[in-house]
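Data block below; observations after.
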Amino acid sequence: MSPKKETQKSAKSTTAIGKKFKGFTDEERVAMKERIQELKAAARRGARADKADGEDAVLAKIGEMPEPERAMGKQLHAIIKASASALSPRLWYGMPAYAKDGKVVCFFQSAQKFNTRYATFGFSDKANLDEGAMWPVAFALKELTATEAGRIGALVKKAVS
């Protein structure tokens, strides 16, 4: 046998037997399962999918949120609808989201979703918010006052422009 063959190591895993891979949290696994269900439901609906289906699903998901996030979710929904009627409500990884031409532009993530200390309102890379070499794409929300509502409305308008 050649010296080279003697030094080759086994291709088998070197992880300890019985250890569980900890790559994703339980919350992340739930979000992925929700996304799979959303994709399956969309495939079943096909061309029959309409804005009302998405809106019902988003409002139901907001209704499941604990207070004060439920109130923020309802208020955000109203702000987004008023600021950008071109956006269609839909679920995205189990979160309320708003899409243009089938692509998610913005979303609302409850703090409960990933056990964080604050809710998040964010934008995807499809949002037209580019400003120089750096710009914010997600905002922590502890409460939604008139000041924040106005700022969010302006950002949503800009995002779909």
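Derivation of every value follows stated rules applied to the coordinates shown; laboratory data play no part. Please read these numbers as outputs of a predicted model, since none were measured by experiment. Counting neighbours? That spans all protein chains shown, and the Cβs are built from the backbone with ideal geometry, glycine included.
Considering region 25-160 at the alpha-carbon level, its Rg and Dmax are found to be 14.4, 42 Å. With the charge dipole of region 25-160 set up from +1 on Lys and Arg Cβ and -1 on Asp and Glu Cβ about the Cα centre, the Cα lying farthest toward the positive end among the listed residues A84, S110, T120 is that of A84.
The order of the peptides 135-145, 113-123, 90-100 by mean Cβ neighbours within 10 Å, most packed first, is 90-100, 113-123, 135-145.
Taking θ as phi - 60° and the Karplus parameters 6.51, -1.76 and 1.60, the scalar couplings of region 22-28 work out to 10, x, 10, 6, 4, 5, 5 Hz in sequence order, x denoting glycine and proline. Dipole magnitude for region 67-115: about 100 debye, using +1 per Lys or Arg Cβ and -1 per Asp or Glu Cβ, origin at the Cα centre.
Here's the list of aspartates and glutamates a cross-link from K61 could span, going by alpha-carbon distance under 18 Å and ignoring same-chain residues fewer than 8 apart: E27, E28, E34, E38, D50, D53, E69. Within the straight-line cut-off of under 17 Å between alpha carbons, the aspartates and glutamates reachable from K158 are D101, D125, D130, E131, E148, sequence neighbours fewer than 8 places apart in one chain being disregarded.
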